[in-house]
1. Go through segment 93-112 residue by residue and tally those that are in a strand (DSSP E or B) and either under 14 Å from the mean Cα position of the chain (by Cα) or surrounded by fewer than 20 Cβ atoms within 10 Å (Cβ to Cβ) (or both).
2. Can you tell me which residue is least open to solvent (accessible area, probe 1.4 Å) among those in segment 78-92 that are outside any loop (DSSP other than H, G, I, E, B) and under 12 Å from P67 (Cα atoms)?
3. Could you list, in sequence order, the residues of segment 136-169 that are touching a Pro at 6+ places or on another chain (Cβ under 7 Å) and of a type in the set (G, A, S)?
4. Does segment 8-17 contain any residue that is modelled with pLDDT under 95, farther than 22 Å from K154 by Cα, polar (S, T, N, Q) and in contact with a Ser or Thr (Cβ under 7 Å, 6 or more places away or on another chain)?
5. Would you confirm, using the coordinates I've provided, whether F27 is in contact (Cβ under 8 Å) with a residue 60 or more places away in the chain, closer than 27 Å to L177 by Cβ and among the aromatic types (F, W, Y)?
6. Of the residues S135, S155, only one is of a type in the set (S, T, N, Q), out of contact with any Ser or Thr (no Cβ under 9 Å at 6 or more places or on another chain) and under 20 Å from G68 (Cβ atoms); which?
7. When you look at T69, is it β-branched (V, I, T), part of a loop (DSSP other than H, G, I, E, B) and crowded, with 22+ Cβ neighbours inside 10 Å, yes or no?
8. Got at least one residue in segment 30-44 being within 16 Å of the chain's Cα centre (by Cα) and either without any contact (Cβ under 8 Å) to a residue 12 or more places away in the chain or open to solvent by 60 Å² or more (accessible area, probe 1.4 Å) (or both)?
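The values are calculated or read from the model by the stated rules, or taken from the named source; none is laboratory data. As the structure is a prediction and not an experimental result, all values here were calculated from the model. FYI the Cβ positions are ideal-geometry reconstructions off the backbone, even for glycines, and counts take in every protein chain you see. The protein model used for the area step is the full one, side chains on, heavy atoms only, and it has no ligands, DNA or RNA in it. Shrake-Rupley method; radii C 1.70, N 1.55, O 1.52, S 1.80 Å.
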Amino acid sequence: LKGLVVVGSPHPHGPLQSVASDGHYGFQLGLFLGRYVRMPPDFAVRLDVDVKAERLYGENMILLGGPGTNVITAMVNRYLPVSFMEGNYWGGIVSPTQSYTNEYVGIVAKIPNPYNDEKTVIVMAGLRAVGTKASVMVFTRAYEKLLEGYNGEKSWAAVIQGRDLDGDGRVDAVDTLEIVNKV
């Protein structure tokens, strides 16, 4: 792993004084990535506030959590092919063709790092923590299907939606609603 996994701080922070409740989804991501990467020499998981304070946002990064709870996601939001509504990050996700407002909606996106174009940023985030969970689920459980529409584009995004098919109140399936490619 040549980069950082960045989770939102669980303490009030940023202009919205929000707290992240989705950082534990990073453990699911870590289990998945463990099959493909060697353990990095440094600690690879960082809080968003530490990345900002240490000015590490020019690195390769995997960002977990939406811009309301992860200040680094907020910094890259406007560069995403599918972004969270500015001014009200919890209000919706906007694609070139439509808006999504269901709390189970999230995105998986890849862009060149806007602070260092030699690096890459991957975002897994939802309107709420449950949308972030769905984003991590689709990335770790169904990545082959998710990435069918990915052809090496520099900027790529999928809008996804978690579903509770068995009626137990938990997300157990994920649908891809839209793919947005930018060359």
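1. Looking only at that region, the number is 11.
2. Out of the qualifying residues, it is F84.
3. Once the filter is applied, which keeps residues that are touching a Pro at 6+ places or on another chain (Cβ under 7 Å) and of a type in the set (G, A, S), segment 136-169 yields S155, A157.
4. Taking every residue of segment 8-17 in turn, none turns out to be modelled with pLDDT under 95, farther than 22 Å from K154 by Cα, polar (S, T, N, Q) and in contact with a Ser or Thr (Cβ under 7 Å, 6 or more places away or on another chain).
5. No.
6. After ruling out the rest, the residue left standing is S135.
7. Here the answer is yes, as T69 does meet what is asked.
8. Scanning segment 30-44 turns up no residue that is within 16 Å of the chain's Cα centre (by Cα) and either without any contact (Cβ under 8 Å) to a residue 12 or more places away in the chain or open to solvent by 60 Å² or more (accessible area, probe 1.4 Å) (or both).
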